[in-house]
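Asks: Below is the structure I would like to discuss, written out as structure tokens.
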Amino acid sequence: MHVPRPSLRKRVASSLAGRTVSFLTKIFLSGIAAVAIVALMIELLTGGLTPNCQRNPLDPLCIPGYAVRTLTRMTIAYVFALAFALAYGIATAMSHRASHVLLPLLDIFQSVPVLGVVPVVFLIILGTGTGTTPPPELNQEVASIILIFTAMAWAPTFGVIAGINAIPTDIKEAAHAYGMRGTRYLRQIVLPAVFPELVWSSILAWGGGWYLIPVEEHLSFGQPPNQTQVDLPGIGRYIALAALKADLGLALFGLIVLVGIILAVDRLIWKPLGVRAEKYKYETVAAPRTTATRQSSVVAGVRRYEDRLVSPVLTFFKSERYYAARVLEITRLKRIRHITERLRFPERITRIPLWGRLLSYTIFIGLVILGLIVTIISRSQSIESGISLLATDVTAFELVVITVLSLSRLVIAYAIALSWTLGAGILIARSQRLSRLLVPIFDIGQSIPATALFPLVVILLVDPFKNSPYLGFTLNLASVLLILTGMQWYLLFNIVGAVNGVPNDILEATTAYRIRGRRFVKEILIPASFPAILIGSIQAWGGGWNALIVSEYIGPNANVPGLGSFLVQASTRNPALATVEIYASLLVMTATVLIINRLVWRRLLRKADRYKFEA
Amino acid sequence: MSQPPEPILQIKDITKIYPGEGKSTTVLDHISFDVYKEFLCIVGPSGCGKSTLLRIIDGLDKPTSGQVLFHAHPITSPSPKIGVIFQTFALIPWKTVLGNVLMSISSASIQKEEQLKIAQKYIQDVGLEGFESSYPKELSGGMKQRVGIARALALQPEVLLMDEPFSSLDALTAENLRREVVEIWRDPAYPTGSVIMVTHNVQEAVEMADRVIVLSARPAKIVDDVKIDLERPRSPRDPTLYDLADRIISKIS
């Protein structure tokens with residue numbers, strides 16, 4: 001029998017694309033509707049914001065208006081991130097060939113420290129300031145939303161890919177056998193599979209977005225004549241301004257409001273969504289309008305699929321008799337689980353053919369060069385002069401030295417983070433009472449974006465020592481502390497998750513054979529957390545690099561040499577040199593992150609299989 | 001008439017209640033029996049608390065009331081004279097076969113070389129020679145349970161507790177392993193006198209045991225205590241066993 005394959009395929013593809021577009025349009029439109037509502041709220045809430053809050057931006061009464069502005073920025077960026085994640089994720093998961101390029105490219109993108117991108121995006125969008133007139137507020141807003149987007153986009157994309165990859169073969173085969181293709185396949189199989197992953201990864205995405213807020217709402221580049229000012233009303237600016245005035249009270253007030261908003265969003269949006277995703281309610285997807293037999297078999301298949309995904313979670317909760325897993329909220333555990341899911345990606349990436357890897361690196365370098373050209377054109381400079389200036393001004397040796405200095409700060413912070421979180425993780429696992437006490441504290445602690453602590457550290461550790469000989473020491477201390485705050489929570493929650501995940505029968509066997517105390521910790525708990533420590537370490541180093549960028553440079557008279565302060569200083573030194581320097585340091589950073597991931601963590605991850613419990 | 005022998009274990013009036021919100025659940029309801037040098041099986045419907053009873057006997061779980069006496073001394077925590085075999089094997093994935101077997105004796109005050117010798121002997125006895133440095137992941141289900149058995153035997157325990165040891169295995173492997181376990185127990189070279197095995201497989205119980213204690217559905221009470229005086233070695237296909245099993249099944253349902 002002749003099968004009109006090409007035409008069929010074409011039809012499927014076109015209808016899939018069509019449905020994807022219509023689905024994205026729906027999301028987009030609802031995003032716009034949401035923004036419109038929020039904008040209306042701004043008008044209502046901030047009638048007084050403009051005149052009064054411009055004169056006195058630190059007035060606590062302006063806080064609600066600031067909160068709405070910040071949240072609006074986040075929401076718009078999130079809608080774009082979601083659309084990107086679905087498009088990129090579905091393209092990666094649906095086409096094997098495309099995944100060879102898209103997957104390693106995504107891995108490179110997520111290795112770029114987001115805070116390092118801040119000057120690049122502002123330079124491209126805003127150009128060099130004229131000194132007196134600040135850039136139009138709309139441009140500032142656009143730049144800010146793009147930045148938040150870059151912080152939000154990667155986790156949901158990995159989530160979409162993980163969700164599609166997790167669809168069992170029998171479901172795919174059943175769908176195929178019953179003629180579910182194109183749109184129906186997308187809506188009835190792909191989107192339900194993606195929904196829970198999207199929820200967990202969105203939690204991470206919003207965490208990344210919050211991380212930027214204290215940094216990107218109030219910034220300046222360049223020296224006074226050619227200075228570019230970024231000044232956007234929002235909670236982040238409130239904290240930054242309070243820090244500039246060295247007003248500890250107001251800075252703390254802003255920080256508490258920020259944490260309050262973060263916790264409120266977490267409880268009001270992500271927790272209910274997480275619970276919903278946990279139950280796998282597929283009502284959002286319309287029931288298939290097909291014959292009864294088709295419907296029942298597919299629905300039954302989906303239900304089986306649900307059971308399979310949910311039952312490990314249920315078993316986990318059932319077997320939890322000794323440890324206070326109930327204290328950890330569902331969302332927290334799911335977060336850890338989600339993060340563990342991402343463990344598969346490094347393994348997949350190593351299996352990617354060389355051409356895919358080369359092509360993805362080429363695309364990335366191409367994008368960087370494109371960005372460089374755009375930046376330089378917008379600043380009317382020539383590339384050659386910039387590069388030759390870089391060559392004469394900064395030697396490769398200097399770049400290596402500052403990279404090593406920054407790395408040593410990261411290593412110290414990592415050592416501190418690992419030792420205390422391992423101790424705390426073990427304590428939490430072994431004492432229900434301690435767990436009940438500490439977990440909520442840690443939960444709030446991790447919801448504070450590390451960047452928001454920056455002003456506090458400046459006020460407490462840097463300002464009082466401005467003229468003392470100890471300044472160098474306190475600056476290094478402040479830097480390590482800030483990096484620590486960017487690293488520790490990833491490790492802690494991964495370790496707690498792992499220690500809680502030790503199966504009950506293993507615990508009983510160790511009790512029955514009287515393995516206790518130090519031996520229990522050494523022979524059971526630490527090996528059991530080994531894979532989680534590795535995953536936590538990859539994330540912690542990502543967070544650490546980000547924190548590094550803001551932690552090394554506080555002011556012209558208060559900074560320590562390193563990649564972070566090199567990057568920040570680039571924008572304040574020779575303007576002709578700035579662009580090239582910013583790109584150079586960003587590339588060095590990304591390369592270091594990629595090299596460390598490949599040489600250390602991924603190599604160790606391959607050995608970690610032995611430390612996983614069998615399901 | 002000769003004096004009756006001293007019981008090795010005495011289970012005295014054990015009650016276990018799980019407190020719940022509003023109403024609590026009674027799992028075990030005044031269970032009492034003595035264990036002598038014998039192969040004892042505890043059978044009952046699933047969820048009746050058989051495994052809880054076994055955990056209480058080992059000191060892994062505490063009874064709400066009542067006590068377990070081991071040579072007239074109350075048991076409150078796991079004793080080195082009692083070995084346990086788990087349904088799910090409970091092997092540590094990052095330890096080798098040797099490491100898993102050593103786990104049970106390493107807390108005893110024996111020299112390192114002596115420990116190694118003991119572990120190696122029992123690995124041989126369960127037929128795992130040559131697999132000492134394999135990891136559990138590389139073994140089949142039957143081999144994993146052999147590691148579990150070697151680990152328990154290495155303690156040279158007086159009492160061996162088994163919690164559904166064959167129910168995670170396929171039928172053929174289970175049959176072989178059942179025979180081997182009975183042979184090991186009957187071998188006078190082993191110090192293990194009493195075996196208590198929990199199972200929901202009545203056929204398995206009558207085939208292996210000297211005595212079967214039958215528990216009712218929750219809250220579990222002893223509904224029967226059946227002596228099985230059949231010649232060993234027994235054939236699992238013996239029609240007498242089927243009759244016995246039918247009698248016990250009728251008691252449960």
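Bear in mind these aren't lab numbers, they're just calculated from the coordinates by the rules spelled out. Note that the structure is predicted; figures quoted are calculated from it, not measured. A quick note on method: Cβ atoms are made from the backbone with ideal geometry, for glycine too, and the neighbour counts reach across all protein chains shown.
Asks: Taking only Cα atoms and a 10 Å spring cutoff, compute GNM fluctuations for chain B and point out the largest among B:LYS50, B:LYS81, B:LYS23.
Replies: Maximum fluctuation in the GNM of chain B, among the listed residues, is at B:LYS23.
Asks: Does anything in region A:519-535 have its amide N under 15 Å from the 7 Å Cα→Cβ label point of A:LEU427, and if so which residues?
Replies: Counting backbone N atoms under 15 Å from the label point, the list is empty.
Asks: Work out Dmax and Rg for region A:380-611 from the C-alpha atoms and quote the Rg first, both in angstrom.
Replies: 21.3, 75
Asks: Need the C-alpha centroid separation for region A:234-259 versus region A:539-558, integer Å.
Replies: The two parts, judged by their Cα centres, are 19 Å apart.
Asks: If you keep only loop residues by DSSP, which trypsin sites (Lys or Arg not before Pro) in region A:391-487 have at most 11 other Cβ atoms within 10 Å of their Cβ?
Replies: A:LYS466
Asks: Averaged across the residues of B:84-94, what count of C-beta atoms belonging to other chains lies within 10 Å of each residue's C-beta?
Replies: Mean partner-chain Cβ count within 10 Å for B:84-94: 6.
Asks: Now for a separate question. Which percentage, to the nearest 5, of the DSSP beta bridges contained in chain B is antiparallel?
Replies: Given both bridge residues lie in chain B, the antiparallel proportion sits at roughly 50 percent.
Asks: R0 = 45 Å: FRET efficiency of A:ASN56 with A:GLU398, Cβ-based, nearest 0.05?
Replies: The calculated FRET efficiency here is 0.55.
Asks: A further question follows. Step through the residues of region A:595-609 one at a time and calculate ³J(HN,Hα) from phi using the Karplus curve (6.51 cos²θ - 1.76 cosθ + 1.60, θ = phi - 60°), rounding each to whole Hz and writing x for Gly and Pro.
Replies: Karplus values, whole Hz, x for Gly and Pro: 5, 5, 4, 6, 6, 9, 5, 5, 4, 5, 4, 5, 8, 7, 3.
Asks: Across region A:487-492, in residue order, what do the Karplus-derived ³J(HN,Hα) couplings come to in whole Hz, using 6.51 cos²θ - 1.76 cosθ + 1.60 with θ = phi - 60° and x for Gly and Pro?
Replies: Computed from phi, the couplings for region A:487-492 are 9, 5, 5, 4, 5, 4 Hz.
Asks: Under a plain spin-label model, where a point goes 7 Å from the Cα along Cα-to-Cβ, how far apart in nm are A:ILE256 and B:LYS81?
Replies: Rounded to a tenth, the inter-label distance reads 6.3 nm.
Asks: Follow-up question, since we're still on this one. Whole angstrom only: what separates the Cα centroid of region B:68-87 from the Cα centroid of region A:148-207?
Replies: Distance between centres, Cα-based: 51 Å.
Asks: Using the number of other C-beta atoms within 10 angstrom as an exposure proxy, rank A:CYS62, B:CYS41 with the fewest first.
Replies: Ordered by Cβ neighbours within 10 Å, fewest first: A:CYS62, B:CYS41.
Asks: Quick check: pseudo-label points 7 Å beyond the Cα along Cα→Cβ at A:GLU137 and A:ALA177, how many nm apart are they?
Replies: 6.2 nm
Asks: In whole Hz, what ³J(HN,Hα) sequence does region A:176-183 give by Karplus (6.51, -1.76, 1.60; θ = phi - 60°), x for Gly and Pro?
Replies: Computed from phi, the couplings for region A:176-183 are 5, 4, 9, x, 8, 9, x, 4 Hz.
Asks: List the residues, sorted by chain then number, that are 5 or more residues from B:VAL27 or on another chain and whose placed amide H is less than 5 Å from its amide H.
Replies: Those lying under 5 Å, H to H, from B:VAL27 are B:LYS16, B:ILE17, B:TYR18.
Asks: Could you work out the mean count of beta carbons from other protein chains within 10 Å of each residue's beta carbon in A:515-522?
Replies: Other-chain Cβ atoms within 10 Å of each residue's Cβ, averaged: 1.
Asks: For B:ARG232 and B:LYS62, what does the FRET efficiency come to when R0 = 30 Å and r is the distance between their Cβ atoms, rounded to the nearest 0.05?
Replies: So the FRET efficiency works out to roughly 0.25.
Asks: Take B:ASP238, A:ASP266 and order them by how many other Cβ atoms sit within 10 Å, fewest up front.
Replies: If I rank by nearby Cβ atoms, fewest first, I get B:ASP238, A:ASP266.
Asks: Can you sort A:VAL560, B:VAL212 by how many other beta carbons sit within 10 Å, fewest first?
Replies: Fewest to most other Cβ atoms nearby, the residues stand as A:VAL560, B:VAL212.
Asks: For peptide B:132-140, what's the mean number of Cβ atoms from other chains within 10 Å of each residue's Cβ?
Replies: 1
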